[in-house]
Amino acid sequence: MMNSKKSMALFFFCSIIDLEMSEIMKSIYSLTLEEMEEYFLSMKAKKFHALQLFSWLYEKRIHSYDEITNIKKEILNSLKLNYSINHLKIVEIQEDVDVCKYLFELEDSEHIEAVLMRHDYGNSVCISSQVGCNMGCKFCESGRRKKVRNLEVHELVLQLLMIEEHLKERISHIVVMGIGEPFDNYDNLIKFFQIINHPKGFAIGARHITVSTCGVVPKILEFSDFPLQINLAISLHAPNNDIRNKIMPINKAYPLEELIPAIKKYLEKTNRRVTFEYILLENINDSDECALELAKLVKGINCYINLIPYNETNNLDFKRTKTIQIMRFYDILKKNNVNVTIRREFGSKISAACGQLRSKKEEL
Ligand code: SAH
């Protein structure tokens, strides 16, 4: 029999191995198809296993490598040692008529959230891109907590897989508009798009995917070279630098005289229409003059403006513009030939504005 000193030593040794294994074990959901192909080639296996594995993960939705029947055991065993088939923990679900909000707990106990919205055209999911956010927009709940870290590729992918599993229906549209600034997590975002857009992956058409940025100019320019036809939305929220500087600190780094030309370059290269999001905040950016100035600012840009009634939060002082003024603002834009819509509101009862559910959970 092993003496107690030896067994203690073995216990510590095994714990260290466990710890190291879990630290080095990457999630299989973090790999693009190309990365999987490279992996199989490096294992002296055939490249086409990548396509098979993609199909097992994203079409058949397996939970264990043991379910795979068309890849040899030795290859699967090496996969098991290197990549985990992991999932995210759903810790809270809030449901309303057309909306459902999910709070996830990550492996390091951080929380993120995603929102499902049922439209007549399908199920749309809004996902988070970071834990916390460094952009500091004054009206936004998520910005109250500084960025802790970027979400890993698998954490982006798994938000969708977990929601579909719960919903038992297909998600047809994805918007990256939850907690975080997606263009501050650019490389992971791009891999995520490649995985979910691939026909053997999550198979969501690029035109059904939208990414929203507060205006990180260098990344807007970089994104104009990305080959997938993903929709770009810009959180504009102000018609001039004075107002924008007051509510969005990013404007000091990339003011409108840099943002607007970057968007024009993006349009030239991609030939796609951009969306400007504009939250209406009472007495801040919602006057008739603001509407006129906004119409002038976007003149000649292939865009449409999405007016967003502000979702008030207990922790911030901003007030939502009265409906009558929202309609006036809308009419002024229309009269000035701007394509404009008013965003349908979802889930104000269930804290569906960015970061509200996580804030409640963590009592920020
Ligand atoms: N950082 C990115 C994406 C996350 S925010 C961006 O800024 O675009 C997604 C959108 O929700 C942004 O347009 C943001 O300004 C808006 N938003 C934040 N808080 C809101 C609230 N309380 N009510 C309505 N919209 C809000």
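Here are the numbers:
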item: Enumeration of residues in the range 217-266 that are touching a residue at least 12 places away in the same chain (Cβ under 8 Å), within 23 Å of ASP286 (Cβ to Cβ) and open to solvent by 30 Å² or more (accessible area, probe 1.4 Å); result: ASN240, ASN241, LYS246, PRO249
item: Residues of the range 141-185 that turn out to be touching an Asp or Glu at 6+ places or on another chain (Cβ under 7 Å) and either assigned to a helix (DSSP H, G or I) or open to solvent by less than 20 Å² (accessible area, probe 1.4 Å) (or both), as a count; result: 3
item: Residue in the range 124-135 that is open to solvent by 20 Å² or more (accessible area, probe 1.4 Å), in contact with a helix residue (DSSP H, G or I) (Cβ under 6 Å, 6 or more places away or on another chain) and either more than 20 Å from VAL175 (Cα to Cα) or modelled with pLDDT under 95 (or both) present; result: no
item: Conditions (1) modelled with pLDDT of 95 or more; (2) within 26 Å of ASN188 (Cβ to Cβ); (3) open to solvent by 70 Å² or more (accessible area, probe 1.4 Å); (4) out of contact with any Lys or Arg (no Cβ under 9 Å at 6 or more places or on another chain): number failed by ILE85; result: (3)
item: Checking LEU116 against (1) aliphatic (A, V, I, L, M); (2) in a loop (DSSP other than H, G, I, E, B); (3) surrounded by 15 or more Cβ atoms within 10 Å (Cβ to Cβ), the condition it does not meet; result: (2)
item: All positions within the range 37-50 that are surrounded by fewer than 17 Cβ atoms within 10 Å (Cβ to Cβ) and assigned to a helix (DSSP H, G or I); result: GLU38, LEU41, SER42
item: Count - residues of the range 288-317 that are buried (at least 17 other Cβ atoms within 10 Å of the Cβ), over 24 Å from LEU228 (Cα atoms) and polar (S, T, N, Q); result: 2
item: Only listed residue being in contact with a strand residue (DSSP E or B) (Cβ under 9 Å, 6 or more places away or on another chain), within 13 Å of the ligand (Cβ to nearest atom) and assigned by TED's automatic domain parsing to the domain that holds GLY201, chosen from GLY132, GLY136; result: GLY132
item: Selection from the range 187-211 of residues that are open to solvent by 10 Å² or more (accessible area, probe 1.4 Å) and among the small types (Gly, Ala, Ser); result: ALA203, GLY205, ALA206
item: Matching residues in the range 192-207 - criterion: being touching a strand residue (DSSP E or B) at 6+ places or on another chain (Cβ under 8 Å) and either polar (S, T, N, Q) or in a strand (DSSP E or B) (or both); result: ASN197
item: Residue match in the range 257-265 (condition: in contact with a strand residue (DSSP E or B) (Cβ under 8 Å, 6 or more places away or on another chain) and away from the ligand (no atom under 12 Å from the Cβ)); result: yes
item: Check on LEU280, within 14 Å of the ligand (Cβ to nearest atom), closer than 22 Å to LEU232 by Cα, open to solvent by less than 20 Å² (accessible area, probe 1.4 Å) and of a type outside the set (Lys, Arg); result: yes
item: Residue, nearest to the ligand (Cβ to nearest atom), within the range 225-237, restricted to residues that are in contact with an Asp or Glu (Cβ under 9 Å, 6 or more places away or on another chain) and over 21 Å from HIS173 (Cα atoms); result: HIS237
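Let's see how each residue does on (1) polar (S, T, N, Q); (2) at negative phi; (3) within 11 Å of the ligand (Cβ to nearest atom):
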| position | (1), (2), (3) |
| --- | --- |
| HIS119 | no, yes, no |
| SER128 | yes, yes, yes |
| GLY180 | no, no, yes |
| TYR186 | no, yes, no |
| THR213 | yes, yes, yes |
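The values are calculated or read from the model by the stated rules, or taken from the named source; none is laboratory data. Model, not experiment: these values are computed from the prediction. As a convention, Cβ positions derive from the backbone with ideal geometry for all residues, glycine included, and neighbour counts pool all protein chains shown. Just the protein is used for accessible areas: all its heavy atoms, side chains included, with ligands, DNA and RNA removed. Shrake-Rupley method; radii C 1.70, N 1.55, O 1.52, S 1.80 Å.
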